[in-house]
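Contents: one structure, followed by commentary.
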Amino acid sequence: MAENAAKRFRASSSPAVPMKYSRVVTIRTKQGDTEAWNRIGECALGEDGSGGSQAPSVFVAPSQTIARPWLGFGGSFTEAATETLRKLTSGRRDEVLKACFDKEVGLAYNLGRVSIGSCDFGLGNWTCGDLIEGDQELKGFSLEHYEASILPTMQDAMKVAGPLLILASPWSPPAWMKTKREFKGDGHLKQDCYGVWALHFVRFVQEMEKKGMPIWAVTVQNEPEAAQIWESCIYTAEEERDFVRDYLGPAFEAAEMSKVKIIIWDHNRDGMLERAAVAYADESAAKYIWGLGYHWYGDGRFETWPESYEIEFEDRKNEDEAIHELKARLGFDNVRRVAELRPDKHIIFTEGCQELSGRSLEQMLGVWKLGERYGMNIISDMNNGVEGWIDWNLCLDERGGPNHVGNFCSAPIICDTQNDTILRQPSFWYLGHFSRYIKPGACRAVSSTSRDVLEVTSWVNVDGSLAVVVMNQSDDDVDFWLKVFGSGAAHVEAPARSISTFLVTSDAADAVA
């Protein structure tokens, strides 16, 4: 039950109590390693020999935490992922599920996302049953399509992970409920279908519960400002607000489903503050809204579609050689601004992946920078106020699909269904440096770095242990001091193109990698 899973989370998420720290265990992955999450060694915290606060250092104040417990990490049960798994032998399929959900050998996922109806990462357009036009009672509603591969995969994942917090998101209502009567494109939800579409949410949650798969939260619409060649539906900020206020929120109340969280936006960082401001300004709508979800797309360094701008600088140490910085629509700071707008509301990352943009998946296999993309996004988001992080497809096949409109992408795990092999990508290893060691219920500790090249986030787990993640994207090794305020310091390193998780405890025996 989602409610029981949430209760278990609340029970484990009492404010973290930092301890008097004495030992540091280093877990590291760097470019060129044949294995990942390597336990490099351990050392004692001792006297700070850095020479001052401006020395290369990461400073952590574990007694100063942000009282917003971490929900966890997860991935998405797309039809593409679950059908890919169905093509593998049972042994390989189990290996992928353990890689994602096992707490000892995998990513320890405890969150998941599933589509309400079809999305582009699937085999085609489909709805939840045979929903005939004009059927205001949804008599034809059914989850039969989910029983082929989606529900069995979710159920098997729960056998590995235990209860999962599942987020459900629609890409498109049935075509007859939309102004342009098609799954794709820029059609809106018809005004006279607001009520039946709200009922559709209720039925989905109820029927999933009957299947043993309770829904923790829903988003109103996946990417409500994107008119795509696949399933999409446009909502203005006002339309989304009004739908929640007048239809979805009351429908959940009437069905005694108020425990199911309602999340708005579910689109990119660029527009998240404006959408939040519109929805939260209306208290009659805001009372139903748990928080806001967002995606990471719009980074011109990784995607071809956003308009980008080059900013030129001179490298003063290299004969004033021109260097360029690319600006587009990344919007890292907007996460913090939404957190500041309504501190009583919540923020969750709901989707991110690497688009192939016309390249073959083979060209992108093993590209280290894609792991670093995950690292820089997660570190920034966690420092700015996000409370949970859900990746896109759990896995994809050897083409980066299936995707019924050819929108192929990469994923942390690529499955070669022809040869029954799996390929863990750099994004998988980078994700694990966070998800394996920053546990549900952890609270962020105030921390900083004196060198921009060292990207850092620090969290105190419920048991008091401290997890400090440090990433170095440069081609230079960086030695620095890890300073734990009130406990001591250790001289450590961040090798070139590496990510390290420093586990800090009062006893080396407690720091188990």
| message | Can you tell me which of (1) farther than 28 Å from D507 by Cβ; (2) out of contact with any strand residue (DSSP E or B) (no Cβ under 8 Å at 6 or more places or on another chain); (3) not hydrophobic (A, V, I, L, M, F, W, C) is the one G117 doesn't meet? | response | (2)
| request: Confirm whether G129 is of a type in the set (G, A, S), crowded, with 21+ Cβ neighbours inside 10 Å and in contact with a strand residue (DSSP E or B) (Cβ under 8 Å, 6 or more places away or on another chain). | output: no
| field | Near pairs, Cβ below 8 angstrom, 6+ apart or cross-chain, from segment 177-206 (at positive phi) to any residue that is surrounded by 20 or more Cβ atoms within 10 Å (Cβ to Cβ) and in a loop (DSSP other than H, G, I, E, B) | value | R181/G187; G185/S232
| remark: Only one of T179, T153 is buried (at least 18 other Cβ atoms within 10 Å of the Cβ) and either closer than 23 Å to N222 by Cβ or in the same structural domain as Q425 (by TED's automatic domain parsing) (or both), namely T153
| remark: Filtering segment 466-490 for residues that are within 16 Å of V24 (Cα to Cα) and in a strand (DSSP E or B) leaves a count of 14
| Do we find that R275 is free of Cβ contacts under 8 Å to residues at least 40 places away in the same chain, in contact with a helix residue (DSSP H, G or I) (Cβ under 7 Å, 6 or more places away or on another chain), of a type outside the set (G, A, S) and under 22 Å from S380 (Cβ atoms) in this structure? | yes
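Answer yes or no as to whether I379 is in the same structural domain as A217 (by TED's automatic domain parsing) and either in contact with a Gly (Cβ under 8 Å, 6 or more places away or on another chain) or under 30 Å from D94 (Cβ atoms) (or both).
The answer is no for I379.
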| Out of I414, I499, which single residue is crowded, with 18+ Cβ neighbours inside 10 Å, of a type in the set (V, I, T) and over 23 Å from S22 (Cα atoms)? | I414
| task | Using the structure shown, decide if M208 is aliphatic (A, V, I, L, M), assigned to a helix (DSSP H, G or I), assigned by TED's automatic domain parsing to the domain that holds G291 and within 23 Å of the chain's Cα centre (by Cα). | result | yes
| field | Of all residues making up segment 434-457, the number that are more than 21 Å from V105 (Cα to Cα) and either at pLDDT below 95 or touching a helix residue (DSSP H, G or I) at 6+ places or on another chain (Cβ under 9 Å) (or both) | value | 5
| query | Within segment 341-377, can you find the residues that are touching a residue at least 40 places away in the same chain (Cβ under 8 Å) and over 18 Å from E303 (Cα atoms)? | reply | L341, R342, K345, H346, I347, I348, F349, T350
| task | Quick one: which strands (runs of 3 or more DSSP E) lie wholly within segment 11-123 and hold at least 1 residues that are touching a residue at least 60 places away in the same chain (Cβ under 8 Å) and under 21 Å from the mean Cα position of the chain (by Cα)? | result | 23-30, 57-66, 72-76, 111-116
| note | Restricting attention to segment 273-287, the residues that are crowded, with 21+ Cβ neighbours inside 10 Å and over 30 Å from S357 (Cβ atoms) number exactly 2
| query | What do you reckon, is D270 among the acidic types (D, E), surrounded by fewer than 21 Cβ atoms within 10 Å (Cβ to Cβ) and in contact (Cβ under 8 Å) with a residue 40 or more places away in the chain? | reply | yes
| field | Residue among D476, D463 that alone is of a type in the set (D, E) and more than 21 Å from T65 (Cα to Cα) | value | D476
| task | Filter segment 109-126 down to the residues that are surrounded by 22 or more Cβ atoms within 10 Å (Cβ to Cβ) and among the aliphatic types (A, V, I, L, M), then identify the one that is farthest from K184 (Cα to Cα). | result | L111
| query | How many residues, within segment 392-433, are outside any loop (DSSP other than H, G, I, E, B) and of a type outside the set (F, W, Y)? | reply | 17
| message | Can you pull out every residue in segment 28-56 that is of a type in the set (G, A, S) and either touching a strand residue (DSSP E or B) at 6+ places or on another chain (Cβ under 7 Å) or over 19 Å from P426 (Cα atoms) (or both)? | response | A36, G41, A44, G46, G49, S50, G51, G52, S53, A55
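The values are calculated or read from the model by the stated rules, or taken from the named source; none is laboratory data. Remember, predicted model here, so these are calculated numbers, not experimental data. Neighbour counts run over all protein chains shown; Cβ positions are idealised from the backbone, glycine included.
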